[in-house]
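Heads up: the structure comes next, in structure tokens.
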Amino acid sequence: MAKQRVLSGVQPTGNLHLGNYLGAIRNWVEGQHQYDNFFCVVDLHAITVPHNPATLAADTYAIAALYLACGIDLNYSTIFIQSHVPAHAELTWLLNCITPLNWLTDMIQFKEKAVKQGENVGTGLLDYPVLMASDILLYDADKVPVGEDQKQHIELTRDLVNRLNHQFGKPDQPVLKSPEPLIRTEGARVMSLTDGTRKMSKSDPSDMSRINLLDSPEVIRNKIKRCKTDPVRGLVFGDPERPECNNLLTLYMLLSGKPRDEVAAECQDMGWGQFKPLLTEAAIAHLKPIQDRYHEIINEKGYLESILRQGKEKAATIANQTLQRVKIAYGFSLPTP
Ligand code: TYM
């Protein structure tokens, strides 16, 4: 039986942090043998907020290199850059024309980002989820491994599939396939180091709020030393009154690879002064091999470029077939050969 298909992506905006890694990339790596995987760097999404043209290309390559450094294996997975496959933008237009405007204005992430931007919110920001739906649907993806914050966008993707199939498909012959989110319970929502009630995020103005995958040991030590805790002795999972405690214990569990019960027993009588060095060393040790490999890859530009060229070819072949299917269903005239 053919393997199920997975598609996911990360925006090349700033550095990747532990939220991106534990919520998404780590799960791609762990599940990749089971699926036929496509992982893209979503550079068209990165321009939905003001961006720097001088760094966009380098940031895009850096994310592709990080995918490989984190353990994406080309025997099981294809890596490519979203803007290299024009079908993504084209399907977005076709989907736009059947998307009710209020579906987009209702999106939580749009509302949050629009508030941050104040006036002059771009149309691209509103349309962001439709581009994301195109990413997923072009590959007939069965599963989309993401963090908790993307769940609503995948629900919108499913709603778009139903709408399109209803309007343009036949009952026994759907045009597009409905994807399912793949969200782990642990690590799906990594919280800020400076406020345990807020998500760790690239757009937080304070770099102290996150641990980036490429942070040096000194920087990691300093961030954990100064991160927010609480005055209670004895560290426990799952106390809603102690969001920082739950977040830091979860980070320790995931980065050390120890089972939850073992971490709970190890930390139940600890104070923060004893716990913080443990978390620091687990984070540094976990990230070291990723950082070493990243530096090797990023210094071999030709190697990375050839991977992305091959990725583009493979992705475009599949994407163009799906695009063609949608255009035929919509009733477009196709160019004669
Ligand atoms: P982006 O770049 O904002 O985030 C990339 C991935 O990281 C996850 N994530 C988190 N997980 C746990 N805790 C956090 N604090 C945290 N912050 C971010 C996100 O859930 C995401 O999985 N719209 C997507 C990019 C995208 C995409 C796609 C994803 C575009 N097209 C198609 C899947 C399929 C995003 O916001 O990425």
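The values are calculated or read from the model by the stated rules, or taken from the named source; none is laboratory data. Note that the structure is a prediction, hence the values are computed from the model and not measured. Here the Cβ positions follow ideal geometry from the backbone for every residue, glycine too, while neighbour counts run over all protein chains shown. The area values use the complete protein model at the heavy-atom level, side chains included, leaving out ligands, DNA and RNA. Shrake-Rupley method; radii C 1.70, N 1.55, O 1.52, S 1.80 Å.
Can you give me the relative contact order of region 61-146 as a percent, contacts being Cα pairs under 8 Å and 6 or more apart?
Numbers: 33 pairs, mean separation 30.4, N = 86.
Computed over region 61-146, the figure is 35 percent.
Find the accessible area per residue for the chain; the probe is 1.4 Å, ligands and nucleic acids are left out, and the unit is Å².
I get 48 Å² per residue for the chain.
For the Cα atoms of the chain, what angle does the longest principal axis make with the long axis of helix 87-96, in degrees from 0 to 90, nearest 10?
The two axes meet at around 80 degrees.
Calculate how steeply helix 243-256 sits against the longest principal axis of the alpha-carbon atoms of the chain, using the helix alpha-carbon long axis, and give the answer as 0 to 90 degrees to the nearest 10.
Approximately 80 degrees, to the nearest 10.
Within 11 Å, Cβ to Cβ, of W272, how many net charges do the neighbouring residues add up to if Lys/Arg are +1 and Asp/Glu are -1? Working shown, then result.
Numbers: positive: K225, K228, R233, K276; negative: D230, E244.
Computed value for this residue: +2.
If the chain between Q268 and V115 were fully stretched, how many nm would it gain, using 0.36 nm times the residue separation less the Cα-Cα distance?
On the way: separation 153, 0.36 × 153 = 55.08 nm, distance 4.03 nm.
That pair, Q268 and V115, stretches by 51.1 nm at full extension.
What is the chain's relative contact order, in percent, from Cα pairs under 8 angstrom and six or more apart in sequence? Let's see the in-between values first.
Details: 488 pairs, mean separation 75.8, N = 337.
This gives 22 percent for the chain.
Expected output is a single nm value to one decimal: the length gained when fully extending between K228 and A285, i.e. 0.36 nm times separation in residues minus the C-alpha distance. What is it?
On the way: separation 57, 0.36 × 57 = 20.52 nm, distance 2.20 nm.
In short, 18.3 nm is gained.
Before rounding to the nearest 500, sum -39500 (n - 2.57) across all DSSP H runs of length at least 4 in the chain and divide by the residue total; then give [θ] at 222 nm in deg cm²/dmol. Please report the intermediate quantities before stating the final value.
Values: 13 runs with 172 residues, N = 337.
Mean residue ellipticity, 222 nm, calculated: -16000 deg cm²/dmol.
Considering only protein heavy atoms, what is the solvent-accessible area of C267 at a probe of 1.4 Å, reported in Å² to the nearest 10?
0
Would you please give the FRET efficiency between H51 and Q324, computed as 1/(1 + (r/R0)^6) with r the Cβ-Cβ distance and R0 = 45 Å, to the nearest 0.05? Mind dumping the intermediate values first?
Numbers: r = 31 Å, r/R0 = 0.69.
Efficiency at R0 = 45 Å is approximately 0.90.
In the chain, carbon and sulfur make up what percent of the accessible area (probe 1.4 Å)? Intermediate values should be presented prior to the final figure.
Values: 8480 of 16070 Å².
Here carbon and sulfur together make up 53 percent of the probe-accessible area.
For K301 paired with C97, estimate the spin-label separation in nm (one decimal), with each label point 7 Å from Cα along the Cα-to-Cβ line.
Computed distance between label sites K301 and C97 equals 4.1 nm.
What dipole magnitude, in Debye to the nearest 20, does region 270-337 give about its Cα centre under +1 on Lys/Arg Cβ and -1 on Asp/Glu Cβ?
Values: 9 positive and 6 negative charges, 69 e Å.
Here the size comes out at about 340 debye.
Are any of the pairs K151/K314; K151/K223; K111/K228; K177/K327; K170/K327 more than 18 Å apart by Cα-Cα distance, and if so, which? Before the final figure, lay out the partial values.
Values: K151/K314 27 Å; K151/K223 29 Å; K111/K228 27 Å; K177/K327 15 Å; K170/K327 15 Å.
Listed pairs above 18 Å: K151/K314; K151/K223; K111/K228.
Helix 272-298 against the longest principal axis of the chain: what's the angle in degrees, Cα atoms only, rounded to the nearest 10?
40
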